[in-house]
Amino acid sequence: MTTHVLHYFIDQLIAAGDGLESFKPDLLTLLMPLLHKEHSQAARQLMIKDDIPRKLYIKYAGFAMGSRESLRNMFPVAPYLWLGPAVMADWRALLLKKPARFDISVEQHTDVYSLRLADVKFIIDRFRPVKGAIRNLVRNQNIYLNSYDRNLYQYDATERYLHMAEDFGDRLDSIAKKYQAAHVGIAPESLSRILRNLGRGGQSSLRHRLGMLLAL
């Protein structure tokens, strides 16, 4: 499993940057002894908002969530719902030693691997293209988080639910409703009302609403 996780992480770096493909064998050799498997498989928080993170986390299966408290309500909102393989980090906070912008929590029985900040900086120093790849990951994450926050105000809850349904497709059914609600930025009870209202119109109504939204 460790090899699969490491291949996945390096492939994410390659996708984010230029000129890294030829370094993949060297990166595999260098990172293999540095990748650490977290011992606990309990449901837990890996990173806490406002703490200074010291690691990035990688999983190859299972469910994890990146969440924070709502600015307007008492329930959490979740910019990230990670299904399947994922690199989980607040890149800006990790590299600049700033307070994390969200929590990272994982469900029970999820194998999690980690790289320390010192090890990330080590590979940046050894392989110049890694620096460009990680810079792109930081920028892309900042763009995503800004877009997520903007959508909380720009779209109503039903529209945000339909966006989520489009993004996750058939995988949405595998996500617990409380996590769906957190991603939409509403209480679970509000999500239940949205689903009832959409259900009253039948599948044709749902497809029509989704089609209208995507046409905007």
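The values are calculated or read from the model by the stated rules, or taken from the named source; none is laboratory data. In this text the structure is predicted, and so the values were computed from the model without any measurement. For neighbour counting, all protein chains shown are included, and Cβ atoms are generated from backbone atoms with ideal geometry for every residue, glycine included.
Out of the residues in the stretch 94-116 that are of a type in the set (Gly, Ala, Ser) and buried (at least 20 other Cβ atoms within 10 Å of the Cβ), which is nearest to residue 32 (Cα to Cα)?
Selected residue: 105.
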Report task. Exactly one condition in (1) in a loop (DSSP other than H, G, I, E, B); (2) closer than 29 Å to residue 173 by Cβ is not met by residue 52; state its number. Result -> (2)
Query - Residues satisfying the stated conditions in the stretch 28-42, i.e. under 16 Å from residue 58 (Cα atoms) and surrounded by 11 or more Cβ atoms within 10 Å (Cβ to Cβ) - result: 28, 31, 32, 34, 35, 36, 37, 38, 40, 41
Query raised in the report: Does the stretch 79-95 hold any residues that are at pLDDT 95 or above and assigned to a loop (DSSP other than H, G, I, E, B), and which are they?
Result: 85, 89, 90
**Report entry** Single residue of 181, 133 found to be part of a helix (DSSP H, G or I), in the same structural domain as residue 107 (by TED's automatic domain parsing) and small (Gly, Ala, Ser)
**Finding:** 133
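Quick check on this structure: which one of 119, 173 is of a type in the set (Asp, Glu), at pLDDT below 95, within 30 Å of residue 39 (Cα to Cα) and assigned to a helix (DSSP H, G or I)? Explain how you work it out, then say what you get.
Details: 119 fails: at pLDDT below 95.
Answer to the selection: 173.
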Report summary line: residue 74 fails exactly one of (1) more than 20 Å from residue 101 (Cα to Cα); (2) over 16 Å from the mean Cα position of the chain (by Cα), namely (1)
Requested in this report: For the stretch 136-143, indicate whether the set of residues that are closer than 28 Å to residue 42 by Cβ and under 17 Å from the mean Cα position of the chain (by Cα) is non-empty.
Outcome: yes
Query raised in the report: Filter the stretch 87-110 for residues that are out of contact with any Asp or Glu (no Cβ under 6 Å at 6 or more places or on another chain) and among the charged types (D, E, K, R); which is farthest from residue 136 (Cα to Cα)?
Result: 107
Report summary line: When (1) at pLDDT below 90; (2) surrounded by 11 or more Cβ atoms within 10 Å (Cβ to Cβ) are applied to residue 203, the one that fails is (2)
Requested in this report: Within the stretch 5-20, work out how many residues are surrounded by 11 or more Cβ atoms within 10 Å (Cβ to Cβ), farther than 21 Å from residue 117 by Cβ and modelled with pLDDT under 95.
Outcome: 1
Report summary line: In the stretch 12-39, anything touching a residue at least 12 places away in the same chain (Cβ under 8 Å) and of a type in the set (Asp, Glu) is listed as 18, 26, 38
Query raised in the report: With 62, 66, 84 as the choices, which residue is touching a strand residue (DSSP E or B) at 6+ places or on another chain (Cβ under 8 Å), without any contact (Cβ under 8 Å) to a residue 60 or more places away in the chain and under 22 Å from residue 140 (Cβ atoms)?
Result: 66
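For every residue, the table says whether it meets (1) more than 19 Å from residue 134 (Cα to Cα); (2) in contact with a helix residue (DSSP H, G or I) (Cβ under 9 Å, 6 or more places away or on another chain); (3) assigned to a helix (DSSP H, G or I); (4) assigned by TED's automatic domain parsing to the domain that holds residue 147.
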residue: 13; (1), (2), (3), (4): no, yes, yes, yes
residue: 41; (1), (2), (3), (4): yes, no, no, yes
residue: 77; (1), (2), (3), (4): yes, yes, no, yes
residue: 101; (1), (2), (3), (4): no, yes, no, yes
